[in-house]
Structure formats: C-alpha cells, structure tokens
Amino acid sequence: HQVEERNFISLPEPSEEYRNLFTSPPSTVIVDDKGPKGLLPDGRVVRIPGAFADWPVDDPQPAWSDVTYVKLHDHPHFRYMAYNTIRMFDKALDAPAYRQQSLWNTITGLVPHFMRTLNIDGVMIDMGHAFPADLRRRIVSEIRATKPDALVFEENFTIDRRSVSDGYDGVIGYLPFDAWDVSRLRDFIERLSNKDVAVRYFATAES
C-alpha cells in the first residue's frame with residue numbers, strides 16, 4: 001500500500017540477520033570457475049550475490065547467477081539487496097549525497113553514445129520504472145539533448161501520466177496483466193473507447 005502511494009519514506013526493511021550477510025563493497029572482484037568473488041580491504045573474500053527474477057514469486061526460471069546488480073548508491077545503512085535498495089528506493093538511500101555519480105553518468109551516457117556512433121533514432125528502456133525517478137528522468141533528458149526527435153519508449157505495467165511527465169513517447173508491457181482476463185480486457189477496451197489513455201502504447205501481449 002505504501003509503495004502504491006509512491007511513499008518511499010522508511011520503507012520496510014529485511015531482518016537484521018539478513019542485513020548482516022552483506023558487507024561494504026569489495027575493492028576488487030575476481031572470477032574463477034565457481035563464479036565472481038569480492039576481495040575486501042582487510043583481505044576477506046566475500047561472495048558476489050547474483051540477480052534474480054523478482055516476479056512472480058514462484059517464477060520457475062533459474063537464478064541469474066552470471067550477473068549481479070549495479071550499486072546505484074553507497075549508503076552505510078543500506079548495504080543489502082532488497083526491494084527498498086534495488087527497486088523501490090528508500091528516500092533516505094536515494095538522497096543525492098549517496099548516489100554513485102560516476103555510475104549514473106555512465107548509465108545516462110549509454111544511449112547518447114549509440115546515437116552518435118550508430119545514429120540510432122529511438123530506444124526502448126526495459127525495466128526503466130525500476131530506476132530512481134531522478135535517474136529515469138535524466139536518462140530521457142540526455143537522449144533529448146542528443147537527438148530531440150528521437151523516440152523513447154519504456155516498459156511499464158501501467159498506462160498513466162507518469163510516463164508522459166517522465167518524457168516517454170510510448171509504453172510497452174502493459175497488456176500481460178489484463179489480456180488473459182475477459183473482464184479486465186473489457187475494462188481496457190472501454191478505456192480506449194473513452195480515450196482514457198494518457199500515453200501511446202504497444203498493443204502487444206509481452207515486451
């Protein structure tokens with residue numbers, strides 16, 4: 001309920017036992033036949049956690065053990081991986097002082113780089129809604145500054161004015177939640193007939 005209202009102040013945290021499994025970021029990362037490991041300044045070797053599909057909760061696909069999450073912030077209290085640190089960012093964590101600005105600069109520069117080198121004229125940002133709001137808006141702003149007439153689409157599970165205010169031209173990924181249910185699909189068609197759609201969208205079953 002708190003997240004649905006876009007209230008990210010003091011979001012629920014995982015248990016202390018879970019939080020204590022995490023350390024400060026390693027100074028060096030090495031990869032061997034068992035996967036990536038981190039080396040702390042005091043010489044301890046720590047495990048690099050893999051990523052995972054966060055929805056649905058019973059997703060049958062295997063863990064994404066070959067990749068991990070980028071650390072968008074560095075805050076001494078929020079060392080752990082949880083919904084309030086990698087998806088719905090706690091307000092205390094997302095303060096400007098804790099942002100990894102060099103990483104943010106790299107992320108915001110990716111699309112402009114390919115616009116300059118490959119002359120692409122559009123992009124679909126997958127899972128962009130999982131970025132902090134300021135980073136999301138900055139990504140779009142950098143794209144517009146590089147090529148004002150570029151088309152910028154986002155994957156999102158809702159169709160509302162937030163996508164417009166963030167600067168997107170269209171949305172993809174909405175219908176999987178409604179297309180399978182006759183009554184919900186009927187409601188969606190009624191929205192279309194009433195022109196109750198704030199942003200253009202792709203009428204595809206999946207992104």
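Looking at the stretch 143-170 only, could you name the residues that are surrounded by fewer than 20 Cβ atoms within 10 Å (Cβ to Cβ), under 19 Å from I107 (Cα atoms), of a type in the set (A, V, I, L, M) and under 18 Å from the mean Cα position of the chain (by Cα)? Across the stretch 143-170, there are no qualifying residues.
Looking across the stretch 39-66, just one residue is assigned to a strand (DSSP E or B), modelled with pLDDT of 90 or more and either closer than 29 Å to H129 by Cβ or among the charged types (D, E, K, R) (or both), and that is R47.
Within the stretch 86-111, the set of residues being of a type in the set (D, E) and under 9 Å from L72 (Cβ atoms) comprises D94 only. Looking at this structure, is L11 in contact with a helix residue (DSSP H, G or I) (Cβ under 6 Å, 6 or more places away or on another chain), closer than 23 Å to A130 by Cβ, surrounded by 12 or more Cβ atoms within 10 Å (Cβ to Cβ) and at pLDDT 90 or above? So L11 fits the description; yes. Sort out which residues of the stretch 67-119 are loosely packed, with under 15 Cβ neighbours inside 10 Å, β-branched (V, I, T) and either in contact with a helix residue (DSSP H, G or I) (Cβ under 8 Å, 6 or more places away or on another chain) or assigned to a strand (DSSP E or B) (or both), and write them in order of number. If the condition is that a residue be loosely packed, with under 15 Cβ neighbours inside 10 Å, β-branched (V, I, T) and either in contact with a helix residue (DSSP H, G or I) (Cβ under 8 Å, 6 or more places away or on another chain) or assigned to a strand (DSSP E or B) (or both), then V70 is the only one that fits.
Scan the stretch 143-160 for residues that are in a loop (DSSP other than H, G, I, E, B), in contact with a strand residue (DSSP E or B) (Cβ under 7 Å, 6 or more places away or on another chain) and modelled with pLDDT under 95 and the total you get is 2.
How many residues does the stretch 171-183 hold that are loosely packed, with under 12 Cβ neighbours inside 10 Å and modelled with pLDDT of 85 or more? Residues meeting the conditions: 3.
For the stretch 19-38, what are the residues that are outside any strand (DSSP E or B) and in contact (Cβ under 8 Å) with a residue 12 or more places away in the chain? Within the stretch 19-38, R19, L21, F22, T23, S24, P25, P26, S27 meet the criteria. For the stretch 176-203, name all the residues that are in a loop (DSSP other than H, G, I, E, B) and touching a Gly at 6+ places or on another chain (Cβ under 8 Å). Result: V199, F202.
I'd like to know if the stretch 127-142 contains one or more residues that are surrounded by fewer than 17 Cβ atoms within 10 Å (Cβ to Cβ), modelled with pLDDT under 95, not small (G, A, S) and not in a helix (DSSP H, G or I). Within the stretch 127-142, one or more residues are surrounded by fewer than 17 Cβ atoms within 10 Å (Cβ to Cβ), modelled with pLDDT under 95, not small (G, A, S) and not in a helix (DSSP H, G or I).
The values are calculated or read from the model by the stated rules, or taken from the named source; none is laboratory data. For clarity, every value in this text was computed on a predicted model and none was experimentally measured. Methodologically, a virtual Cβ is constructed for each residue, glycine included, from the backbone with ideal geometry; neighbour enumeration extends over all protein chains shown.
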